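Scroll down for the structure; my scribbles are underneath it.
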Amino acid sequence: MQQVGHGCDIVVCLCCRLFLSRGADIDIINREGDTPLTLARADTPVWVALQINRKLRRGITNRMLRTERIICSDIAQGYENVPIPSVNAVDDEGCPSDYKYVSENCETSAMNIDRNITHLQHCSCTDDCSSSNCLCGQLSIRCWYDKDQRLLQEFNKIEPPLIFECNMACSCYRTCKNRVVQAGIKVRLQHYRTEKMGWGVRALQDIPQGSFICEYVGELISDAEADVREDDSYLFDLDNKDGEVYCIDARYYGNISRFINHLCDPNLIPVRVFMLHQDLRFPRIAFFSSRDIHSGQELGFDYGDRFWDIKSKYFTCQCGSEKCKHS
């Protein structure tokens, strides 16, 4: 008899799963006011199947009902040319408050950056820096910006050259075409909660290839200081091959770029740029679009193998790309 009963349980369970797979309503009530769950014996396969189905449906319903909420109208607090809203449609997390938003690199200890204006190489252009005679362009091999202030098609995205923008010692107007990064953020961005990678940044407009997006901004620190900091997740090496090495740490001070995630198939490239000074130890890090980016797409750059050599011990990449190298 036990074997027959066991066989009946299996048949009932299979029937139950069949009905559930076809969308059966587990909250339906019979004449006596009972639901399938109240009639099922606790801890039987049928009861377990009904419980799992209820939890799955509730989860799906909650995700469907969860609406995108604006949690901050401008995380940049007016420090950028355009407001950067923050939204969350994933969970109840509020806008991050464990850092200070800054739009320029800052120092908490003396870095002795050479900012002497008399040390700046500068141009004497009167033609909007459109000729090959522009000294700043020559310092960069050539001027790498087109008339729309985007990187030229032939710009080397694999090993980007240094870019020297015109500076305060130059004779040209501030509107010359060789002043792109120093003009600040012009594209519309959004800070948002992702499903798997915490906070991220996405485009709120179509962005053509070669467009300046934003700088990687943070606290300038020495390599020695970087080695003793507990959280190294926000470090960007400035890679001075000829001497002292410095980093930008966006852990405590940073801008929107601190939320840009790693993508194994990146749509951003970092470029080293000089503007207000030409101290080669301290380039500015500017992100440009490496391809056309559509409105709504997440922005990301390749964090590099050095990052993943360390971090892969603790987590894997969640970029979801077919080209993912670190999942």
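The values are calculated or read from the model by the stated rules, or taken from the named source; none is laboratory data. Bear in mind that the values here come from a model prediction, so they are computed numbers and not experimental data. Reconstructed Cβ throughout: ideal geometry from the backbone, glycine too, with neighbour counts over all protein chains shown.
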Checklist (1) aliphatic (A, V, I, L, M); (2) on the phi > 0 side of the Ramachandran plot; (3) loosely packed, with under 12 Cβ neighbours inside 10 Å applied to Ile141, failing item: (3)
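Okay, residues lined up against (1) under 24 Å from Leu151 (Cβ atoms); (2) not small (Gly, Ala, Ser):
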site	(1), (2)
Asn167	yes, yes
Thr194	no, yes
Leu204	yes, yes
Ile213	yes, yes
Gly243	no, no
Give me a count of the residues in segment 226-249 that are over 15 Å from Pro270 (Cα atoms), touching a residue at least 12 places away in the same chain (Cβ under 8 Å) and either charged (D, E, K, R) or touching a helix residue (DSSP H, G or I) at 6+ places or on another chain (Cβ under 6 Å) (or both). 7
Leading residue by the ranking (farthest from Leu280 (Cα to Cα)) among those in segment 109-128 that are at pLDDT below 95 and surrounded by 12 or more Cβ atoms within 10 Å (Cβ to Cβ): Asp128
Assuming Arg69 fulfils every condition listed in (1) surrounded by 11 or more Cβ atoms within 10 Å (Cβ to Cβ); (2) of a type in the set (Lys, Arg); (3) at pLDDT below 70 apart from one, which condition is it? (3)
I'd like to know if segment 315-324 contains one or more residues that are surrounded by fewer than 20 Cβ atoms within 10 Å (Cβ to Cβ) and of a type in the set (Phe, Trp, Tyr). yes
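Give Val187, Val181 a once-over and let me know the one that is among the aliphatic types (A, V, I, L, M), over 20 Å from Pro283 (Cα atoms), in contact (Cβ under 8 Å) with a residue 60 or more places away in the chain and in the same structural domain as Leu238 (by TED's automatic domain parsing).
None of the other options fit; the residue is Val187.
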Unmet criterion (only one of (1) out of contact with any Cys (no Cβ under 9 Å at 6 or more places or on another chain); (2) surrounded by 19 or more Cβ atoms within 10 Å (Cβ to Cβ); (3) not acidic (Asp, Glu)) for Val201: (1)
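Please pick out the residue among Asp227, Asp242 that is exposed (fewer than 15 other Cβ atoms within 10 Å of the Cβ), more than 24 Å from Lys313 (Cβ to Cβ) and at pLDDT below 95.
Residue meeting the stated conditions: Asp242.
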Residue among Ile269, Ile213 that alone is of a type in the set (A, V, I, L, M) and surrounded by fewer than 22 Cβ atoms within 10 Å (Cβ to Cβ): Ile269
Does segment 308-326 contain at least one residue that is under 30 Å from Asn112 (Cβ atoms) and modelled with pLDDT under 90? yes
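Considering Pro283, Pro270, which residue is over 14 Å from the mean Cα position of the chain (by Cα) and closer than 16 Å to Asn105 by Cα?
Result of the check over Pro283, Pro270: Pro283.
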